[in-house]
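Read the structure below first, then the notes.
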Amino acid sequence: MIFTTDSAAQAGNNGYTAGSQMIGVDFAFALYGGQTALTATNLVATLFGANIFTGNAGSDDNANYGQLQDASSSGIVPNTSQAAPLFLNLFVWEGNVFTSYAAALAGGDYTGTTGAWQNNSGGGLTLAVPMNAMLIYGSR
């Protein structure tokens, strides 16, 4: 789940459950991965600008409040093995103005990152483990 400290972008202020701090506007992200926490620097997926998925007819909720969605269901993390542990690092920024996390950070946008975390990969007969319970707090 993705949360924000930007009160104007919180789902609770955008028609979702009152008081909810889950992000309630479009946001962009870049997902990096690698064999170790220190090598989780390979770009796996990115989504920004016109490619941001907007859910209910312009409601700016990126698939569902507090969650991200990419049209592709998989990505390859270089130098990792199928059905084995790998490390991922997610960078998120609010809106669709900036095309990278660094640009959003430099531009003073609300940004956040998970830091590297371990997840199991898929492959063969093994499905990838869903990425769950990640908390990102935006800062300006």
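The values are calculated or read from the model by the stated rules, or taken from the named source; none is laboratory data. Keep in mind that what you see is a predicted model, and the values were worked out from it rather than measured. Virtual Cβ from ideal backbone geometry, glycine too; neighbours counted across all protein chains shown.
Among the residues of region 107-139, those identified as modelled with pLDDT of 85 or more and farther than 21 Å from I76 by Cβ are G107, G108, D109, Y110, T111, G112, T113, G115.
Quick one: would you say T36 is of a type in the set (S, T, Y), more than 22 Å from W117 (Cβ to Cβ) and at pLDDT 85 or above?
no
Here region 1-23 is the region considered, the condition is being in contact (Cβ under 8 Å) with a residue 24 or more places away in the chain and either hydrophobic (A, V, I, L, M, F, W, C) or under 11 Å from V92 (Cα atoms) (or both), and the residue that is surrounded by the fewest Cβ atoms within 10 Å (Cβ to Cβ) is M1.
Table: residues versus (1) surrounded by 17 or more Cβ atoms within 10 Å (Cβ to Cβ); (2) at pLDDT below 85.
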position	(1), (2)
V25	yes, yes
A40	yes, no
G49	no, yes
F53	no, yes
A57	no, yes
L105	yes, no
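Selection of first residues in region 99-115 that are under 17 Å from L43 (Cα atoms) and touching a residue at least 24 places away in the same chain (Cβ under 8 Å) and of second residues that are of a type in the set (G, A, S) and assigned to a helix (DSSP H, G or I), restricted to Cβ pairs under 7 Å at least 6 apart or on distinct chains, gives the following pairs, ordered by first then second residue: T99/G49.
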